[in-house]
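Remarks on the structure that follows.
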Amino acid sequence: MRNVLEIQDLRVAFEAPRGIIRAVEGVSLSVAEGECLALVGESGCGKSVTSLASLRLLDTSQAIVRTDKHLLCGEEISGLSEKRMQELRGCKAAMIFQDALSALNPVMTVGRQIDEIFLRHTKLSKKEARERSISALTAVGIPDAAARYRSYPHELSGGMRQRVLIAMAFACEPELIIADEPTTALDVTIQAQILELLRRMREERGTALLLISHDLSVVASIADRIAVMYSGRIVEQAPARELLIAPRHPYTRGLLSAVVRLDDNAERFTQIPGTLPDPADKPKGCCFAPRCAHALECCKEKMPRLIEVSHGHFVRCCLNGGEGLV
Ligand SMILES: Nc1ncnc2c1ncn2[C@@H]1O[C@H](COP(=O)(O)OP(=O)(O)OP(=O)(O)O)[C@@H](O)[C@H]1O
Ligand SMILES: [Mg+2]
């Protein structure tokens with residue numbers, strides 16, 4: 001199947017007073033037509049930087065971005081003009097951000113904000129755009145969409161605002177949607193409804209999804225494949241079922257045991273002890289070694305390679321045969 005997104009060896013660094021922050025170090029990923037790839041990892045591991053870089057949304061006055069290959073719907077985008085990128089964003093690929101309130105324009109009705117997408121990317125008249133916007137609001141389950149069309153963002157609940165963002169992302173039927181923590185700001189019940197909506201919209205329209213979350217339980221029911229990130233690198237990637245049933249990397253196992261404990265209604269869920277390394281001062285070997293209960297001497301010496309342990313299942317871990325520098 002054709003890839004709608006294909007990135008090889010993405011590297012992103014920021015120059016900061018305390019040194020160079022290596023936020024992403026050699027991430028390669030692809031999302032096929034209609035597929036859902038989930039990118040999971042703790043806060044600060046580089047998920048948002050990866051997702052923003054995927055649509056070339058990073059501010060290049062701050063970020064140094066390098067890729068060997070960066071295809072969006074078959075087109076190499078690393079050298080494209082900003083004008084062409086703006087044409088592609090919203091039309092070929094769209095983004096759903098975590099914080100709907102700041103993603104929406106506070107002084108414009110939500111209806112007008114959806115109209116703008118149609119007016120920018122299609123030849124629809126204003127009246128036709130309005131009709132399409134109202135249907136888009138209806139499609140994401142907003143009751144009385146014609147009235148809500150005239151609402152300002154602050155007049156809607158958090159869940160409704162997130163539905164508006166989903167309507168905007170799907171408006172021009174893009175081939176790829178990137179959703180960065182789309183449910184984190186919402187309470188658990190609304191979170192489940194929004195995930196269900198995303199799943200339904202994606203299935204109905206065959207849209208590919210790059211779903212970003214710090215929570216494996218959020219992506220478990222929707223992802224076809226899961227990539228686990230740690231300290232700027234993918235440490236494990238596999239078909240979702242396999243990763244959830246037979247995780248190989250100690251970090252993935254740690255993330256999963258947190259989820260399992262939560263489902264068991266245990267009083268406290270376990271978190272992996274320790275924190276991510278300082279991105280401006282990463283350890284020499286495996287970045288997870290300082291927190292890993294199974295780490296050997298060799299783990300502290302060499303950064304393991306990402307190797308394929310079974311069909312489509314990749315692991316970056318010395319204990320899983322991944323010895324050797326990247
Ligand atoms: N503009 C910036 N300048 C300097 N450092 C940055 C910048 N943006 C991100 N970083 C750093 O890059 C690293 C990765 O950040 P990123 O936002 O991608 O994390 P994340 O995985 O999305 O975390 P979260 O789950 O909290 O959203 C962090 O160490 C962050 O501090
Ligand atoms: Mg983030």
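The values are calculated or read from the model by the stated rules, or taken from the named source; none is laboratory data. Note that the structure is a prediction, hence the values are computed from the model and not measured. Neighbour counts run over all protein chains shown; Cβ positions are idealised from the backbone, glycine included. Protein only, heavy atoms only, side chains kept; ligands, DNA and RNA dropped before computing areas. Shrake-Rupley method; radii C 1.70, N 1.55, O 1.52, S 1.80 Å.
Some points to look at:
- Under the combined filter of DSSP loop state and at most 10 neighbouring Cβ atoms within 10 Å, segment 198-307 retains these GluC sites (Glu not before Pro): 267.
- Placing +1 on the Cβ of every Lys and Arg and -1 on the Cβ of every Asp and Glu, with nothing else charged, gives the chain a dipole about its Cα centre of roughly 440 debye.
- Separation of segment 62-98 and segment 191-208, taken as the distance between their Cα centroids, equals 23 angstrom.
- Segment 1-92 shape via C-alpha gyration tensor axes, a/c threshold 1.5: oblate
- The chain - share of DSSP beta bridges that are antiparallel (%, nearest 5): 65
- Partner aspartates and glutamates for residue 83 [C-alpha distance under 18 Å; skip if fewer than 8 residues away on the same chain]: 59, 75, 116
- Computed over protein heavy atoms with a 1.4 Å probe, the carbon and sulfur contribution to the accessible area of the chain reaches 51%.
- Relative contact order of the chain: 20 percent, from C-alpha pairs under 8 Å at least 6 residues apart in sequence.
- Selection among 170, 28, 189 by position relative to the dipole of the chain gives 170 as farthest towards the positive end (Cβ unit charges, Cα centre).
- Amide hydrogen neighbours beyond the local backbone of residue 94, cut-off 5 Å, H modeled: 176, 177, 178
- For residue 38, distant residues with modelled amide H under 5 Å away: 211, 224, 225, 226, 227
- Leading residue at positive end of dipole, segment 77-156 (Cβ point charges), from 142, 93, 124: 124
- Ignoring lysines fewer than eight residues from residue 284 along the same chain, the ones with Cα atoms less than 24 angstrom from its Cα are 47, 300, 302.
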